[in-house]
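Once you've had a glance at the structure underneath, I'll fire off some questions.
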Amino acid sequence: MEKHTFKDWVLATRPWSFPASTMPVVVTIAWCWAKGFEVNWWFGLWALVNIVFVHAAGNVWSDIADYRSGVDADDTFGVRQLVDHQFTPQEFRRLSVCLNIIAVLGGLALVGLTGPTLLYIGIIGILLSLCYPRLKYHAMGDLVIIMCYSLLPMTGVSFIVTGAIQWEVLWLALPVGLITVGILHANNVRDIETDNRAGIHTFPMLTGRRFGVKLYAVEVLFPFAWLLGLMAFGIEPWWLLTAFLALPVAWGNARTILNYEQGGKASYANLDERTAKLQMIFSILLVIGLVLSVFF
């Protein structure tokens, strides 16, 4: 086996998925600042870097489980590094351990600087990350995703940068979290047959593909209706209409999977990556709207 380059190790962590973890952090920091809270920007940057390590470690850990359980195989659309023997499971395990150590040390340092509240949030997040493969195999992956990549980081980061949990930020946790869940859901709808062969049970397997594709469409389109409601009731500023510039992307993703019978599985094989890009675009536009609300 050839020696791995730094790029190989980075690609092994699935960096295309990082918007799912980083964007909730960025949105939370922008929201806290726009609401007039005194923001500790250095702590916010620290939290942003640290969650990348948490996410990367979780990705590698999950890929090991998927490979060993047969979820990722020669004929699946999943991660190829282990299936194609570019890496060994032992190398992936060492990578996951190293990333987890960095993430835990960084998190504990933040706990020392901010307070024990963050410790409790972090423990829940780490436990959910480690248990994610087993929970995903029992149709609970969607719940873990919205917890780990929406509710927990947004409350935790609000505590890190302001010194107290700002529960109102959770109004934005739903739209951000739903699109993030869509990343997993697109993957699981695509892989119903191969997941069934591997003997696991994901949520789309319980509901069937027809319902699953409709649910995905709701996950990427409902956030825009939710934002309209928040703005109509005066909870958030009308400047968040900037997020609607992402609506054509969301609509395109929804149409792709809704037309699965005509296009076949290959037509939405990379929809998980496209949903991660949607998450990034949607969140950046939210941040722009929050910034504009301060100045205008």
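Any read-out appearing in this document is the output of simple, stated calculations on the displayed coordinates, not a laboratory observation. As the structure is a computational prediction, the values presented were derived from the model and not from experiment. Cβ placement follows ideal geometry from the backbone for every residue including glycine, while neighbour counts extend to all protein chains displayed.
Hey, which of these cross-link pairs are over 30 Å Cα-Cα: Lys3/Lys136; Lys136/Lys265; Lys35/Lys277?
Lys3/Lys136, as the Cα separations exceed 30 Å there.
Which distance in nm do the two modelled labels at Arg197 and Glu168 give, with both placed 7 Å along the Cα-to-Cβ direction?
Result: 5.2 nm between the two label points.
Counting residues in the chain as N, plug N into 2.2 N^0.38 Å and put the Cα Rg over that result.
1.00
For the chain, modelled as a GNM with alpha-carbon contacts under 10 angstrom, which of Gly122, Gly107, Gly229 fluctuates the most?
The residue with the greatest mean-square fluctuation here is Gly229.
Using each residue's phi in region 236-249, evaluate 6.51 cos²θ - 1.76 cosθ + 1.60 at θ = phi - 60° and report the 3J(HN,Hα) Karplus result to the nearest Hz, with x for Gly and Pro.
Karplus-based 3J(HN,Hα) across region 236-249 equals 10, x, 5, 5, 5, 4, 4, 5, 5, 5, 8, 4, x, 5 Hz.
Given the options Ala30, Ala109, Ala243, which has the most mean-square fluctuation in a GNM of the chain, springs set between C-alpha atoms less than 10 angstrom apart?
Result for the chain, Cα springs under 10 Å: Ala109 fluctuates most.
Let me ask something else. Excluding Ala269 itself, calculate the net charge of residues whose Cβ lies under 11 Å from the Cβ of Ala269, where each Lys or Arg counts +1 and each Asp or Glu counts -1.
Working: positive: Arg190, Lys265, Arg274; negative: Asp191, Asp272, Glu273.
Its environment carries a net charge of 0.
How much length would be gained if the chain were fully extended between Leu105 and Thr5, taking 0.36 nm per residue of separation minus their Cα-Cα distance, in nm to one decimal?
33.5 nm
Among 281-288, 167-174, what's the highest-first ranking by average C-beta atoms within 10 angstrom per residue? Write down the numbers at each step before the final one.
Values: 281-288: 21.6, 167-174: 18.1.
Ranking, from highest mean packing down: 281-288, 167-174.
Mind giving me the nanometre distance, one decimal, between the label points for Ile288 and Glu38, set 7 Å out from Cα along Cα→Cβ?
Result for the modelled spin labels: 3.2 nm.
Sticking with this structure for a sec: If you add up the charges near Met205, with Lys and Arg at +1 and Asp and Glu at -1, over every other residue whose beta carbon is less than 10 angstrom from its beta carbon, what do you get?
Counting the neighbours of Met205, the net charge comes to -2.
While we're looking at this one, here's another question. List the aspartates and glutamates whose Cα lies under 20 Å from the Cα of Lys214, skipping any in the same chain that are fewer than 8 positions away.
Leaving aside aspartates and glutamates fewer than 8 places away in the same chain, those within reach of Lys214 are Asp142, Asp191, Glu193, Asp195, Glu261, Asp272, Glu273.
Apply the Karplus parameterisation 6.51 cos²θ - 1.76 cosθ + 1.60, with θ equal to phi minus 60°, to every residue of region 174-182 and state each ³J(HN,Hα) to the nearest whole Hz, in sequence, with x for glycine and proline.
Each residue of region 174-182 in turn: 5, x, 5, x, 5, 5, 5, 4, x Hz.
Next question. To the nearest 20 debye, what is the magnitude of the charge dipole of region 1-144 about its Cα centre, counting +1 on the Cβ of each Lys and Arg and -1 on the Cβ of each Asp and Glu?
So the dipole magnitude of region 1-144 works out to roughly 320 debye.
Counting other beta carbons within 10 Å of each residue's own, what order do Ser129, Ser267, Ser293 fall into, fewest first?
Ser267, Ser293, Ser129
Would you calculate a helix-derived [θ] at 222 nm for the chain, using -39,500 (n - 2.57) for each DSSP H run of n ≥ 4 and dividing by the full residue count, to the nearest 500?
Counting only the DSSP helices, I get -24000 deg cm²/dmol.
Let me ask something else. Please report Met205, Met154 as a ranked list, fewest other C-beta atoms within 10 angstrom at the top and most at the bottom. Don't skip to the answer; put the middle values down first.
Details: Met205 18, Met154 26.
Going from least to most buried by this count: Met205, Met154.
Can you give me the long-range amide H partners of His201? Hydrogens built in the peptide plane at 1.01 Å from N, cutoff under 5 Å, separation of 5 or more residues or another chain.
Amide H neighbours of His201: His138, Ala139.
Report the label-to-label distance for Trp16 and Leu119 in nanometres (one decimal), using points 7 Å from each Cα along the Cα→Cβ vector.
The two pseudo-label positions are separated by 4.0 nm.
Compute the signed sum of charges (Lys and Arg +1, Asp and Glu -1) over the other residues within less than 14 Å, Cβ to Cβ, of Ile257.
Charge balance in the 14 Å sphere: +2.
Hey, another quick one. Can you check how the C-alpha radius of gyration of region 43-187 compares to 2.2 N^0.38 Å, as a plain ratio?
1.10
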